[in-house]
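Undergrad: Mind having a look at this structure? Questions to follow.
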Amino acid sequence: MSLSKIWVLAESQDGKPTSTTLELLTFAKSLGGTLEAVAWGEDVASIAGEIGNYGATTLYNVGDLGDSLPGAPVASAIAKAVSEGSGPDVLLIGTTYEGRDVAGRLSVKIDAPIITNVTGLEVSGDSLVASHSIFGGTQIAKSRFTSDKSPAIFVVRSKTFAPEASGGSPANVASLPLGDIGATGAAKVVAKHVEELTGPKLDEADIVVSGGRGLGEKDNYSLVEELAKLLHGAPGASRAIVDAGWVPYSYQVGQTGKTVKPTVYLACGISGATQHLVGMKNAKNIIAINKDAEAPIFSVADLGIVGDVHKVLPKLIEALKARS
Ligand SMILES: Cc1cc2nc3c(=O)[nH]c(=O)nc-3n(C[C@H](O)[C@H](O)[C@H](O)COP(=O)(O)OP(=O)(O)OC[C@H]3O[C@@H](n4cnc5c(N)ncnc54)[C@H](O)[C@@H]3O)c2cc1C
């Protein structure tokens, strides 16, 4: 595998590259080859500065896709470049809805294998070895491509790398023409629902306060929300209370939810099942409140409070309010 030309699928939101995009650019920059990115949308040029700041020299623009889902057109544009010999050696894509759509379609279009669910990447000789967290995060499996087919496509989970700007000048914007998309472009987005957020996003927040079944009932989740708000953090949840319908799926932390890496993670009434731990155990400081001193969450906690959330949380909220 050559590592001389790396492309990153650059997703953006509200006119800014997503944090996962910046993570992928940071890692790709460390490989030392030519780093370029692929984006789409109404105003791709507006992210060229930030993309360049993270090391990419060229930003390929697939164009404004209007109401189309990006999967088919973006995959076709990359496939066209690959078939014309101007594609990358390695393509890094984030584990997002759109990233996975592009990756799957591209893999089929160019008949290339794909490595997904990547939680780590390292250089070994002239190739990349991917890590995968398996069995609920208790084991790490390693994988690599055994063929030289380009591009080597890796679909990487967020929070795998720490984003760090390298200070480059704005990337040059160049057009990446669409390939044949056949009938696949027929699906149109007819409505978008944007979930209201009053604080930071769960997977970007510096402080996360999560609640679990130990809260007892849905109404008690308001304690978690109130504490998160006082700490300027984001509220999160275990799957148990998402499945119970107390909070939406977008709040879920863990193997089948979001991966978070905040400075402080506060787990309230959460047992610490491996599927939950895999999504938060890399937080810098973990505080757990659980009435069971034997709860597995304490095995990863830096500060453990053995107590009843119904008593500890109101006291904590009261103390914070008194301070402010
Ligand atoms: C394939 C698969 C994927 C999964 N993915 C995820 C995932 O992404 N995220 C996730 O979270 N889970 C996931 N799970 C589910 C996971 O295995 C656990 O069932 C879930 O995390 C448990 O949630 P919980 O800790 O809130 O509930 P419980 O395990 O029921 O724990 C509740 C805890 O609250 C404590 N408690 C009770 N009352 C109080 C009180 N008054 N004060 C303080 N503490 C109290 C109890 O001691 C207990 O430790 C997955 C499972 C599978 C099989």
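Undergrad: Please specify each residue of segment 199-209 satisfying the condition of being touching a helix residue (DSSP H, G or I) at 6+ places or on another chain (Cβ under 7 Å) and either farther than 13 Å from Thr259 by Cβ or at pLDDT 95 or above (or both).
TA: Gly199, Val209
Undergrad: Sticking with this structure for a sec: Return the only residue of Gly49, Gly55, Gly41, Gly85 being among the small types (Gly, Ala, Ser) and touching an Asp or Glu at 6+ places or on another chain (Cβ under 7 Å).
TA: Checking each option against the conditions leaves just Gly41.
Undergrad: Give the residues of segment 197-242 that are more than 23 Å from Lys159 (Cα to Cα) and either assigned to a loop (DSSP other than H, G, I, E, B) or polar (S, T, N, Q) (or both), sorted by residue number.
TA: Correct list: Gly216, Glu217, Asn220, Ser222.
Yes/no per residue for (1) exposed (fewer than 12 other Cβ atoms within 10 Å of the Cβ); (2) over 23 Å from the mean Cα position of the chain (by Cα); (3) not assigned by TED's automatic domain parsing to the domain that holds His276:
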residue	(1), (2), (3)
Asp180	yes, yes, yes
Ala191	yes, yes, yes
Pro200	no, no, yes
Gly214	no, yes, no
Leu227	no, yes, no
Pro235	no, no, no
Arg239	no, no, no
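Undergrad: For Pro314, which of the numbered conditions (1) part of a loop (DSSP other than H, G, I, E, B); (2) touching a residue at least 60 places away in the same chain (Cβ under 8 Å); (3) more than 24 Å from Gly257 (Cα to Cα) fails to hold?
TA: Tallying (1) part of a loop (DSSP other than H, G, I, E, B); (2) touching a residue at least 60 places away in the same chain (Cβ under 8 Å); (3) more than 24 Å from Gly257 (Cα to Cα), Pro314 fails exactly one: (1).
Undergrad: Another question, then. Mind listing just one residue for me: the one in segment 247-291 that is in contact (Cβ under 8 Å) with a residue 12 or more places away in the chain and of a type in the set (Phe, Trp, Tyr) and, of those, nearest to Glu195 (Cα to Cα)?
TA: Of everything passing the filter in segment 247-291, Tyr251 is nearest to Glu195 (Cα to Cα).
Undergrad: For segment 107-165, give me every one of the strands (runs of 3 or more DSSP E) that falls completely inside it and has 2 or more residues that are free of Cβ contacts under 8 Å to residues at least 40 places away in the same chain.
TA: Numbers: elements: 114-118, 120-124, 127-134, 139-143, 152-156.
Result: 120-124, 127-134, 139-143.
Undergrad: Okay, moving on. Given the criteria crowded, with 23+ Cβ neighbours inside 10 Å, within 19 Å of Val312 (Cβ to Cβ) and not assigned by TED's automatic domain parsing to the domain that holds Thr119, does Leu266 qualify?
TA: Yes; evaluated as a whole, the condition is true for this residue.
Undergrad: Then there's this: Given (1) touching a residue at least 12 places away in the same chain (Cβ under 8 Å); (2) over 23 Å from the mean Cα position of the chain (by Cα), where does Glu84 come up short, assuming only one miss?
TA: (1)
Undergrad: Test Ala112 against the criterion of being more than 23 Å from Ala186 (Cβ to Cβ), in the same structural domain as Gly15 (by TED's automatic domain parsing), touching a strand residue (DSSP E or B) at 6+ places or on another chain (Cβ under 7 Å) and at pLDDT below 95, and give yes or no.
TA: On the way: more than 23 Å from Ala186 (Cβ to Cβ): yes; in the same structural domain as Gly15 (by TED's automatic domain parsing): yes; touching a strand residue (DSSP E or B) at 6+ places or on another chain (Cβ under 7 Å): yes; at pLDDT below 95: yes.
The answer is yes for Ala112.
Undergrad: I need the full set of residues from segment 243-275 which are under 15 Å from Asp203 (Cβ atoms) and either within 9 Å of the ligand (Cβ to nearest atom) or in a helix (DSSP H, G or I) (or both), in order please.
TA: Answer for segment 243-275, where residues must be under 15 Å from Asp203 (Cβ atoms) and either within 9 Å of the ligand (Cβ to nearest atom) or in a helix (DSSP H, G or I) (or both): Tyr249, Ser250, Tyr251, Gln252, Val253, Gly254, Gln255, Thr256, Gly257, Lys258.
Undergrad: Scan Ser30, Ser46, Ser68 and give me the residue that is closer than 28 Å to Asp203 by Cα, surrounded by fewer than 19 Cβ atoms within 10 Å (Cβ to Cβ) and without any contact (Cβ under 8 Å) to a residue 24 or more places away in the chain.
TA: Working: Ser46 fails: without any contact (Cβ under 8 Å) to a residue 24 or more places away in the chain; Ser68 fails: without any contact (Cβ under 8 Å) to a residue 24 or more places away in the chain.
Unique residue meeting the criteria: Ser30.
Undergrad: If you don't mind, another one. Conditions first: (1) at negative phi; (2) touching a Gly at 6+ places or on another chain (Cβ under 8 Å); (3) within 11 Å of the ligand (Cβ to nearest atom). Glu217 passes all but one, so which condition is the exception?
TA: (2)
Undergrad: Does any residue of segment 106-127 turn out to be acidic (Asp, Glu), out of contact with any Ser or Thr (no Cβ under 6 Å at 6 or more places or on another chain) and farther than 27 Å from Glu84 by Cα? Please lay out each step first, then the result.
TA: Within segment 106-127, the first condition is being acidic (Asp, Glu), and the residues that meet it are 111, 122, 126.
Adding the requirement that they be out of contact with any Ser or Thr (no Cβ under 6 Å at 6 or more places or on another chain) leaves 111, 122, 126.
Cutting the leftovers down to farther than 27 Å from Glu84 by Cα gives us 122.
Yes, segment 106-127 has at least one match.
Undergrad: Can you say whether Asp219 is more than 22 Å from Glu318 (Cα to Cα), outside the structural domain of Gly137 (by TED's automatic domain parsing) and of a type in the set (Asp, Glu), as far as the supplied structure shows?
TA: Considered against the rule, which asks whether it is more than 22 Å from Glu318 (Cα to Cα), outside the structural domain of Gly137 (by TED's automatic domain parsing) and of a type in the set (Asp, Glu), Asp219 comes out as no.
The values are calculated or read from the model by the stated rules, or taken from the named source; none is laboratory data. Note that the structure is a prediction, hence the values are computed from the model and not measured. Using ideal geometry, Cβ is built from the backbone for each residue, glycine included, and neighbour counts are taken over all protein chains shown.
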